[in-house]
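I have placed the structure first, in the form of structure tokens, so that the comments after it can refer back to it.
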Amino acid sequence: MKTAYTTHLLLACSAMILSACGGGSSTTPTEETATTPTVIEAETATITGSVPGTLIEAYCDGDIYKFTRSIQNGTSQHPFELTVPKEISCRLVMTTNEDDPENRVITHLTFKDTQGNESNLLRVLQDEVDLGYINLPMSPANTDDTNNDHVKDTPLSITLTQPTIELITDETDELDRDDDDILDIYEDDDNDGIVNKYDTNLNQTTTPTTTVTTSNYYALEDWRKPRIYAKGAVIASCNQDKVFSLRPHKDSIEARLVDFTLGTTADAIHPSGYTLRATQARDSNSVIPLTFDSATKKWTASCAPIVYKDKTDIYPAYWIEAVSDANGSVVTKDKITLYDGGTDNCMACHASNSQYPLAYASSGPANLADPEEDFKTNILRKHDEKHPDAVSKLQTQLQAKGLSYNTVGLAETAKTMRVSCTDCHGINGVQGSGLSNVPALTNAIHRVHANLSEPNIMGANNCLTCHPGETIAKTFNGKIVHPFTAAWRSEDGHGEWAENRGVESCTLCHGRNLRGTQISNNVSCYKCHGKEWNDPVIGTWTPTSGTLSSVISDNDDEDDD
């Protein structure tokens, strides 16, 4: 049963980092609600694990349904990959012997954190999450099923070790009206021993014990239709960066096409008669052909050239389309995001001929003939100068990851191998990146570049060097930052601005909690307005909802009472 609070399991945290410095995304399969296919634009993530041999389903908010089947691998633990939308609540159901009505066992999952909070709702925010081996019951005789409807009466609880839990106030789950952690679609409303999902005579014998909409039951009517499951992949050999890479290159594609309308044989699951391609979402003329690998049953493209439509296309999206060989129509499609290293803008300041002394070490610029080697060497030398003991202090941790850095420094290491920033500095888009005692890449870069004193790259110009002009709104009379004047600091200045337009734009520099960041020179909105927000951690008002006046007015009313 649910507790007083619904627990959304944040299996991992994902956030966009510098537009020129990293990030990540994943796939978006075709969705279906009732009988009409729809395409969900949100980013997606992959849940992996292993099971005895299973149909794995995700029922997500917004009538989003996802499914996959585990892969037979000759062992008792069959691996699976399930693509789910990010930042949308989903419920997981796993069915063993799904094609055998007599031996089918349907198991709902709940998840428990280390503090004992438990919920059947999970929300995945990282590109890929591994649940490990899930030991599901294989026979109705060996599970709790008092009404013999082949549904395990109590969900299987899985304990997560990572402390990534967010509690929200209790809410009614539209897919579980009686709040027993068993989805309505898997209830047996007419008590005939057949759950609603499989019951073709539903509601024709007795009155249902639970009132639900027909769409909740039959949203899966076309679930066997052709679908694509695709993801962007990182192949080390595709990265031809010199000296160092800011982040890995996610420029390869893996995709599977399945069609269960033809049955469950290997040929049906991976049907012929289709050709897959990747089309740039904002530039239909940019097409990447995919090749089918009969051994892995995957469609792939390695080291694909990434096309950026314009400066706003920082993480280009591609549609993975299944095209009918018979008539050329697109039968189904999936959306993924790809990117490469993203260091081009660094040359503006770090090239030896940039005339910006702060952009290279005090010993002077490298003056190398190769432009890429030149500006990147200047960056590494500058890093070595500011952090001379960085590699030696982290050597044990780096070696534990199988990395052989030269303790002299990064510039010396780059003479024999390509340095990767994410070896030490983590980004959420790359699993396993970074070291726990080293700042995340976005924080490290912003800290260094936020308050440069170079006269030609201060303020807005400084930001726009790394963030191309169109990617940050020029909100303040054609500029991206507000004026630094007494008039702005007055209540009629920034106060009126926040009152009329909200404070979402303030969070870009002042932080999501408005307590200040390196970019804002640690200027904190909370310092003056914290008492008005009436909570030490802004618990009664989030900076991105409502307006300052509504909060102040509410508090004034409380004071008057």
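Which entries in LYS242/LYS382; LYS298/LYS401; LYS225/LYS335; LYS66/LYS309; LYS197/LYS231 show an alpha-carbon gap greater than 26 Å? The answer is LYS298/LYS401; LYS66/LYS309; LYS197/LYS231. Proximity of backbone amide H atoms, modeled 1.01 Å from N, is registered between SER245 and VAL419, SER420, CYS421 at under 5 Å, excluding neighbours fewer than 5 places apart on the same chain. When only the Cβ of Lys, Arg, Asp and Glu is charged (+1, +1, -1, -1), the dipole of the range 224-341 relative to its Cα centre reaches about 300 debye.
Among LYS382, LYS225, the ranking by other beta carbons within 10 Å of each residue's beta carbon, starting with the fewest, stands as LYS225, LYS382.
Taking all pairs of distinct Cα atoms, average 1/r, flip it, and tell me the Kirkwood hydrodynamic radius of the range 224-341 in Å to one decimal place.
Numbers: mean 1/r = 0.0667 Å⁻¹.
This gives a value of 15.0 Å.
Pair-distance distribution of the range 42-155: all C-alpha pairs, bin width 5 Å, starting at 0; shares per bin in whole percent are 2, 12, 20, 24, 20, 14, 6, 2, 0. Pairwise alpha-carbon distances in the range 344-449 exceed 24 Å for 23% of all pairs.
Using 1/(1 + (r/R0)^6) with R0 = 25 angstrom and r between the beta carbons of THR48 and ASP144, what's the FRET efficiency to the nearest 0.05? Each step should come with its number before you reach the end.
Numbers: r = 28 Å, r/R0 = 1.10.
Efficiency, rounded to the nearest 0.05: 0.35.
Each residue of the range 271-278 is assigned a 3J(HN,Hα), and the resulting list reads x, 8, x, 10, 10, 9, 8, 10 Hz, derived from the Karplus form 6.51 cos²θ - 1.76 cosθ + 1.60 (θ = phi - 60°), x at Gly and Pro.
Values in this text are rule-based calculations from the coordinates and carry no lab data. Keep in mind that this is a model prediction, so the values were computed, not measured. Backbone-built Cβ (ideal geometry, glycine too); neighbour counts: all protein chains shown.
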